[in-house]
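The values are calculated or read from the model by the stated rules, or taken from the named source; none is laboratory data. This one's a predicted model, so the numbers in the text were calculated from it and none came from an experiment. Backbone-built Cβ (ideal geometry, glycine too); neighbour counts: all protein chains shown. Surface accessibility is based on the protein's heavy atoms, side chains included, excluding ligands, DNA and RNA. Shrake-Rupley method; radii C 1.70, N 1.55, O 1.52, S 1.80 Å.
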Amino acid sequence: MKKNVILIPGIVSILVLVTVQAYIIGQIWGQKDELFQIKYRQMAIEALEYYEEELRINGFDTALYMVDYYSSVVLQSNEFASASIDKIDYLNNLIIQEVRNILNEHQYLSELLSGYFVNHGFDGDLTTHIAINKFELIKEENSHTVYINREDLTGRAYKSKILVTQFINEDNHHRISFNFYIDVADKQAIILGEMLISMFMSILSIVVVVVIFIVAYHNLTEERRLSDLKTDFINNMTHELKTPLSTITVASKTLEFEKVINDRDKIIETARMIGKQSVSLNQLINLILEISIWERTEFEPEMKQMAVGTVLTDIVDSFRAGYREVATINSRISLEGLTIKADVTYFTTMINNLLLNAVRYSPENPMIDIKAYSNGREVIINITDNGIGIDKSHQKLIFEKFYRVSHGDIHKTKGLGLGLYYVSRIAASHGGRVELDSQPGKGSTFTVILPLNSN
Ligand code: ADP
């Protein structure tokens with residue numbers, strides 16, 4: 001729940017940031033677009049003026065001449081003169097369509113403007129468009145004038161185009177007013193190109209904020225997890241320390257009983273028990289000391305040449321002797337003549353931890369198989385048990401410091417969650433690794449892989 005206190009405001013702030021950035025980009029885009037239109041309109045007007053001055057053409061001469069000729073033909077046609085009221089609309093449409101075609105197809109401004117634009121360092125890939133506002137036929141005797149409805153200019157088709165200017169022209173047979181547009185094909189790309197840096201910066205800033213947030217959040221949850229693990233560890237440790245201590249307390253009290261004082265065997269048994277518990281207390285305290293030493297200094301094993309087969313056989317033999325009554329231990333060690341560079345003490349701790357876990361986590365008739373061989377480059381040591389196994393979700397985590405799998409009835413087997421942590425650290429410090437293959441309810445195989453001497 002506490003996680004959400006950070007997660008939700010964090011995500012909301014990121015969303016706000018993204019929205020603000022998107023809004024700003026949208027605004028900048030709008031401004032750039034407007035500026036683009038102003039620049040290109042200005043340039044188009046300049047171009048038209050230039051051609052009018054230099055070449056004495058306004059660019060529409062040919063087309064307008066054709067429109068006027070067409071108008072005279074229309075005016076003289078019988079069909080037009082005798083058109084009924086309902087037919088007039090239809091004719092109007094035909095006429096205006098034809099005029100639009102003439103204007104859009106028979107004017108040569110695209111090329112002229114394009115050349116002028118390129119000469120002035122502008123993009124020359126453009127098309128021109130003409131939209132008619134009003135068109136009238138003028139009958140010579142002035143007895144018959146046809147008005148044609150204004151065209152809709154706010155249509156979407158023209159929204160993206162740049163309005164350059166409005167022309168009004170009157171000739172013998174017609175009067176026309178139309179808008180002249182240009183359309184620059186690469187407009188979006190050009191604006192995008194201009195905005196690339198600001199867009200990149202804003203995306204970068206969002207990415208940086210998101211990354212910082214993720215890292216901070218991850219660190220925070222990690223810290224919390226570690227602190228939870230530490231609390232667990234302290235609880236376990238207290239429990240572990242208390243058990244031998246209370247046994248010692250009870251045992252020493254027993255020694256005060258009159259009945260016991262006279263019973264030599266009982267005294268020896270109690271003394272032994274006290275001794276045994278002191279040893280395990282001592283081991284625990286050493287372990288804790290060791291942890292703090294390992295934490296403070298770099299983990300540096302003393303590497304020496306070691307006949308790995310012999311050392312491993314010794315470890316397994318003495319372990320087997322210690323657990324003869326508890327577990328069946330089989331071994332196949334085929335490492336004759338092979339040496340590795342290793343710290344004997346750490347190596348022994350590592351194998352012992354794995355063997356001990358194999359026994360501890362195999363509640364019924366532990367059967368432990370140790371198989372060791374080499375593939376020519378590495379020494380491979382498999383330790384397989386028939387124990388409770390480890391669920392997939394825990395398999396990576398159990399190598400972490402203080403991590404313990406809690407079962408329904410909480411920790412049945414006592415421990416501090418450090419054994420495998422040391423195993424993996426020792427393997428890593430020897431240039432090797434530990435792998436795990438396990439099936440809950442069936443058993444586990446821990447595999448230690450260490451590099452052989454390269455020479
Ligand atoms: P500890 O045994 O003190 O809890 P370890 O680091 O040795 O700490 O092991 C971490 C956890 O991994 C144990 O709590 C146990 O749940 C699980 N585990 C280790 N070895 C085995 C095994 N051979 N079979 C099943 N579970 C194991």
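Quick rundown of the values:
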{"read-out": "In the stretch 391-408, the residues that are basic (Lys, Arg) and within 8 Å of the ligand (Cβ to nearest atom)", "value": "Arg404"}
{"read-out": "Among (1) of a type outside the set (S, T, N, Q); (2) within 11 Å of the ligand (Cβ to nearest atom); (3) crowded, with 18+ Cβ neighbours inside 10 Å; (4) under 29 Å from Ala342 (Cα atoms), the one test that Ile388 misses", "value": "(4)"}
{"read-out": "Filtered residues of the stretch 25-50 (kept if surrounded by fewer than 17 Cβ atoms within 10 Å (Cβ to Cβ) and among the aromatic types (Phe, Trp, Tyr))", "value": "Tyr50"}
{"read-out": "Criterion: among the β-branched types (Val, Ile, Thr) and under 30 Å from Leu287 (Cβ atoms) - qualifying residue of Ile206, Ile248", "value": "Ile248"}
{"read-out": "The listed residue being acidic (Asp, Glu) and under 21 Å from His430 (Cα atoms), out of Glu258, Glu300, Glu325, Glu269", "value": "Glu300"}
{"read-out": "Residue in the stretch 121-164 that is modelled with the lowest pLDDT, counting only those that are over 22 Å from Tyr40 (Cα atoms) and of a type in the set (Asp, Glu)", "value": "Asp152"}
{"read-out": "Filter pass, Glu194 being open to solvent by 80 Å² or more (accessible area, probe 1.4 Å), modelled with pLDDT under 90 and in contact with a Lys or Arg (Cβ under 7 Å, 6 or more places away or on another chain)", "value": "yes"}
{"read-out": "Qualifying positions in the stretch 340-380 - within 16 Å of the ligand (Cβ to nearest atom), open to solvent by 60 Å² or more (accessible area, probe 1.4 Å), within 20 Å of Val308 (Cβ to Cβ) and within 40 Å of the chain's Cα centre (by Cα)", "value": "none"}
{"read-out": "Every residue from the stretch 101-120 that is open to solvent by 70 Å² or more (accessible area, probe 1.4 Å) and without any contact (Cβ under 8 Å) to a residue 60 or more places away in the chain", "value": "Glu105, His106, Tyr108, Glu111, Val118, Asn119"}
{"read-out": "In the stretch 412-422, residue modelled with the lowest pLDDT [restricted to those that are more than 7 Å from the ligand (Cβ to nearest atom) and surrounded by fewer than 20 Cβ atoms within 10 Å (Cβ to Cβ)]", "value": "Lys412"}
